[in-house]
Amino acid sequence: MKIMVAIKRVVDYAVKIRVKPDKSGVETQNVKMSMNPFCEIALEEALRIKESGLASEVVAVSMGPPQCVDTIRTGLAMGADRGIHVEYPDALYPLSVAKLLKALVEVEKPGLLILGKQAIDDDCNQTGQMLAGLLRWPQGTFASKVILDKEKQAATVDREVDGGIETLSLDLPAVITTDLRLNQPRYATLPNIMKAKSKVVKKYTPQDLNVEIKADLEVVQVTEPPKRKVGVVLSSVDELIDKLKNEARVI
Amino acid sequence: MKMEKWRWSSAAHRLLRLCSNPLSDLRCSPKLQNSTPSGVLYRHEGTCEWIRPFIGQQKQHFGQRSHHLWSGNCLGETPGIQNRFFGATATKIERNSKFATLNSNDISYFKEILGEKNVIQDEDTLLSANTDWMHKYRGSSKLLLLPRTTEEVSSILKYCNSRCLAVVPQGGNTGLVGGSVPVFDEVIINVSSMNNVISFDKVSGILVCEAGCILENLISFLDNRGFIMPLDLGAKGSCQIGGNVSTNAGGLRLLRYGSLHGNVLGLEAVLANGEVLDMLGTLRKDNTGYDLKHLFIGSEGSLGIVTKVSILTPPKLSSVNVAFLACKDYFSCQKLLLEAKRKLGEILSAFEFLDEQSMALALSHLEGVRNPLPPSLHNFYVLIETTGSNESYDREKLEAFLLSAMEGGLISDGIVAQDIQQASSVWHIREGLPEALIKAGANYKYDLSLPVEKLYNLVEEMRTRLENLATVVAYGHLGDGNLHLNISAPQYDDAILAQIEPFVYEWTSKNRGSISAEHGLGLMKANKILYSKSPAAVNLMASIKKLLDPNGIVNPYKVLPQSMIH
């Protein structure tokens, strides 16, 4: 069985981001970019499934400008067998990504799709769900545990939901999106980094896949959250009551 | 005999009192009763004198100790005796009788100039200010002062000098040789309240700030402006720049940015008599006269209190890569260092090593740490960091270097961190080792500069000497030839110490190394300087100390041997 993993190149999680002066977005020039942490977890899960013998191949897919190949190389260094890069210069929103992935699914025919639950730059949490809808495949989102049953061709997924943990059984092929507690991604070891240099990364454009990219979302403005006001040290309970009444107006 | 008995009773009571303190449970082992005395050697101008450590709970020990020699000024008139509070070993230092004791007039005076809030006599705060980070040394100061300006520091010192009150300058209190805590009842002058950044020049990168600024805060401040501090150490969350400068702290980036002697452009210090010495230049080049700031850098607060620092900061470069590698023997580590310097050249920013025992310790005592190269432990690990301005170029360079190192058999395995999170996890293994050692129990810590080829031989000899008594853990800044040798045991024990000292110092001295590469001498090595410096040099140091601090009130009992100052 083939597993396809979608990975996104985002601003590194540990970077202190700054909003661009024209408020059109976040500063990405000269800023460290890395693989989205949830995508790392997704790739790690795919690799573990392959290592347990239940899958034969792991394909890492990324979409965007040419630098995405670096992210795919990281995925290959972790252990993915092949990479696919869909080259597109501008921003891609979840519905476009889902459409492109659907087209790739028709080419590659994987038995399982694993994605990160959301990207840390847009926090959309939509791609996996939209993709499952377009493919009409079952979906197990916010996965904190995945167990595959080869015979029954099904996956048992524990989902982290507000009320606790929900366990679902999905028939394969299915879409799974990963949550934080699923696993701890491995480091890329030197032998694998060297091997990754010779692994194949196939390039596509949206036209190759017959997908039309429509900008159905427009970013109007990006601003910083309001700065937290400095706390005030009060000297008596009376002063506290006065402030609560007259300044905060909560009593 | 009479005097010894008297000493025994007062000091034993002190020891017992301190034993009942919850903080001390680790150190007061039942072994105290039965351990054998061991000595601390210091050479004084060619003659060897033993200072018998004080143990004294059992009267029968007295018989054994009757044949010891006392150096001239140890047999004293002074009543106060300080017991080094780790395990059973105590080197006897006596409180210098010429120092006055605090009285209520002093307290009122300080309250007048500093305000009530900044004169601390509260027991709990004093307890932590009196104890060093390793919980090895504890003073009995009754007063903690928190000046906010240089003028206040000056007034304090002027007054203390006139009254002959001993003082201890203190910053973040993260020193590892007992240099930042009182030995007896010295007044603690803590500069933590002087934590303002005075100015920062965005073009030249010159930062002027007060001595109480915490290093990590300075790093964040500069980060927002595209610069970094030229030094970085595990203690950055608590240590202050004044202390860093006073101890000439080395750290993880010395390999790339050099020592503080090169990066500090100027400083302002207050001398023992209260005189403010303004050497706060911000010039890169200034050859006018003797460069006095260098005296203060590394003098561990014994010549005066640093109040402001002017430091040159390097620009922050965007591309940082961290690789964590496994080597099968020490020889490979050395060759790797040579190759790294050659092949990585200008982008190499750190080269640290740790041995198998260090890794085992880190994995068992540090939280959230996992083995980057599972499943087994390798003999040696090397952490290499590169910092440059071009991500892809640096990556290529690093990978080419690693490939050739692997093909050459220098490394058996390794990882390259793929994002900042992985890089910090890997650094945490190395930076967290001091913390892991404290959690593991008793920790005898040595910081030595040795020729790189011989460095690990000492570790192996120590392992042979200690066998099953204790675990020897070694790590350090291999790029600078600096070994952090640590002996870890469940409890402090004289038998262990006897195997370590003076062997370690003698070995280092024989190999023309330094007995303190970066930690300083403080109290721990106050009498050991002659292992690494000539008597003539130490005599000159003593003269300088006498010149700048005639009454000897600033950080007494530390850095230089007692006998040479008086």
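For the condition open to solvent by 50 Å² or more (accessible area, probe 1.4 Å), more than 26 Å from A:Ser34 (Cα to Cα), within 21 Å of the chain's Cα centre (by Cα) and of a type outside the set (A, V, I, L, M), what is the one hit in A:Arg181, A:Arg186, A:Arg136? It would help to see each step written out before you state the result.
On the way: A:Arg181 fails: more than 26 Å from A:Ser34 (Cα to Cα); A:Arg186 fails: more than 26 Å from A:Ser34 (Cα to Cα).
Going through A:Arg181, A:Arg186, A:Arg136 in turn, just one is open to solvent by 50 Å² or more (accessible area, probe 1.4 Å), more than 26 Å from A:Ser34 (Cα to Cα), within 21 Å of the chain's Cα centre (by Cα) and of a type outside the set (A, V, I, L, M): A:Arg136.
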Complete set of residues in the stretch B:114-151 that are crowded, with 16+ Cβ neighbours inside 10 Å and over 18 Å from B:Asn173 (Cβ atoms): B:Leu114, B:Val119, B:Arg148, B:Thr150
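Please go through the stretch B:401-459 and pick out each residue that is in a helix (DSSP H, G or I), within 14 Å of chain A (Cβ to nearest Cβ) and open to solvent by 40 Å² or more (accessible area, probe 1.4 Å).
Residues of the stretch B:401-459 that are in a helix (DSSP H, G or I), as a first pass: B:401-407, B:420-431, B:433-440, B:455-459.
Next, from what is left, pick out any that are within 14 Å of chain A (Cβ to nearest Cβ): B:401-407, B:420-429.
B:Leu403, B:Ser404, B:Met406, B:Glu407, B:Ile420, B:Gln421, B:Ser424, B:Ser425, B:His428, listed by residue number.
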Filtered residue count, the stretch B:333-370, keeping only those that are open to solvent by less than 60 Å² (accessible area, probe 1.4 Å) and either farther than 20 Å from B:Asn486 by Cβ or part of a strand (DSSP E or B) (or both): 16
Single unsatisfied condition, B:Gly281 versus (1) open to solvent by 10 Å² or more (accessible area, probe 1.4 Å); (2) touching a Gly at 6+ places or on another chain (Cβ under 9 Å); (3) not in a loop (DSSP other than H, G, I, E, B): (3)
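B:Ile384 - would you say it is open to solvent by less than 50 Å² (accessible area, probe 1.4 Å), at pLDDT 95 or above and on the phi < 0 side of the Ramachandran plot? Break it down stepwise before answering.
Numbers: open to solvent by less than 50 Å² (accessible area, probe 1.4 Å): yes; at pLDDT 95 or above: yes; on the phi < 0 side of the Ramachandran plot: yes.
Yes; evaluated as a whole, the condition is true for this residue.
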Residue check, B:Val369 out of contact with any strand residue (DSSP E or B) (no Cβ under 9 Å at 6 or more places or on another chain), β-branched (Val, Ile, Thr) and under 24 Å from B:Leu437 (Cα atoms): yes
Scope the stretch B:171-219; condition open to solvent by less than 10 Å² (accessible area, probe 1.4 Å) and over 30 Å from B:Lys316 (Cβ atoms); matching residues: B:Val177, B:Gly178, B:Val181, B:Pro182, B:Val183, B:Phe184, B:Glu186, B:Val187, B:Ile188, B:Ile189
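Might you check whether a residue that is within 14 Å of chain B (Cβ to nearest Cβ) and among the β-branched types (Val, Ile, Thr) occurs anywhere in the stretch A:24-38?
yes
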Helices (runs of 4 or more DSSP H) fully within the stretch A:57-173 counting 1 or more residues that are under 24 Å from A:Asn183 (Cα atoms) and among the hydroxyl-bearing types (Ser, Thr, Tyr): A:68-78, A:127-135
Matching entry among A:Lys145, A:Lys99 (being open to solvent by 20 Å² or more (accessible area, probe 1.4 Å) and touching a strand residue (DSSP E or B) at 6+ places or on another chain (Cβ under 6 Å)): A:Lys145
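Touching a Pro at 6+ places or on another chain (Cβ under 6 Å), over 30 Å from B:Ala400 (Cβ atoms) and of a type in the set (Gly, Ala, Ser): does that describe A:Ala154? I'd like the intermediate steps shown before the answer.
Values: touching a Pro at 6+ places or on another chain (Cβ under 6 Å): no; over 30 Å from B:Ala400 (Cβ atoms): yes; of a type in the set (Gly, Ala, Ser): yes.
For A:Ala154, the condition - touching a Pro at 6+ places or on another chain (Cβ under 6 Å), over 30 Å from B:Ala400 (Cβ atoms) and of a type in the set (Gly, Ala, Ser) - is not met.
Scan the helices (runs of 4 or more DSSP H) fully inside the stretch B:83-180 and keep the ones with 1 or more residues being within 26 Å of the chain's Cα centre (by Cα). Even if it seems obvious, please write down each step before you answer.
Working: elements: B:104-114, B:123-130, B:150-163.
Helices (runs of 4 or more DSSP H) meeting the threshold: B:123-130, B:150-163.
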Test result for B:Ser534, within 21 Å of B:Asn248 (Cα to Cα), free of Cβ contacts under 8 Å to residues at least 12 places away in the same chain, surrounded by fewer than 18 Cβ atoms within 10 Å (Cβ to Cβ) and small (Gly, Ala, Ser): yes
Selection from the stretch A:39-69 of residues that are open to solvent by less than 70 Å² (accessible area, probe 1.4 Å), touching a Lys or Arg at 6+ places or on another chain (Cβ under 7 Å) and either within 15 Å of B:Gln418 (Cβ to Cβ) or within 13 Å of another protein chain (Cβ to nearest Cβ) (or both): A:Cys39, A:Glu44, A:Ser62, A:Cys68
Enumeration of residues in the stretch B:362-396 that are within 20 Å of B:Tyr475 (Cα to Cα), more than 11 Å from chain A (Cβ to nearest Cβ) and of a type in the set (S, T, N, Q): B:Ser364, B:Ser376, B:Asn379, B:Thr386
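The rows are residues; the columns are (1) β-branched (Val, Ile, Thr); (2) at pLDDT 95 or above; (3) more than 30 Å from B:Asp232 (Cα to Cα); (4) over 21 Å from the mean Cα position of the chain (by Cα).
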site: B:Asn468; (1), (2), (3), (4): no, no, yes, yes
site: B:Thr471; (1), (2), (3), (4): yes, no, no, yes
site: B:Gln491; (1), (2), (3), (4): no, no, yes, yes
site: B:Leu497; (1), (2), (3), (4): no, no, yes, no
site: B:Met524; (1), (2), (3), (4): no, no, no, no
site: B:Leu530; (1), (2), (3), (4): no, no, no, no
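This table checks each residue for (1) within 14 Å of another protein chain (Cβ to nearest Cβ); (2) closer than 27 Å to B:Tyr475 by Cβ; (3) open to solvent by less than 10 Å² (accessible area, probe 1.4 Å); (4) touching a Leu at 6+ places or on another chain (Cβ under 7 Å).
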position: B:Ile241; (1), (2), (3), (4): no, yes, yes, yes
position: B:Asn248; (1), (2), (3), (4): no, yes, no, yes
position: B:Gly258; (1), (2), (3), (4): no, yes, no, no
position: B:Glu275; (1), (2), (3), (4): no, no, no, no
position: B:Thr288; (1), (2), (3), (4): no, no, no, no
position: B:Val309; (1), (2), (3), (4): no, no, yes, yes
position: B:Phe331; (1), (2), (3), (4): no, yes, no, no
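The values are calculated or read from the model by the stated rules, or taken from the named source; none is laboratory data. Note that the coordinates shown come from a computational prediction; the quantities given were computed from them, not determined experimentally. Cβ: placed from backbone, ideal geometry, glycine included. Neighbour counts: every protein chain shown. Note: accessible area is taken over every heavy atom of the protein model, side chains too, but ligands, DNA and RNA are not part of it. Shrake-Rupley method; radii C 1.70, N 1.55, O 1.52, S 1.80 Å.
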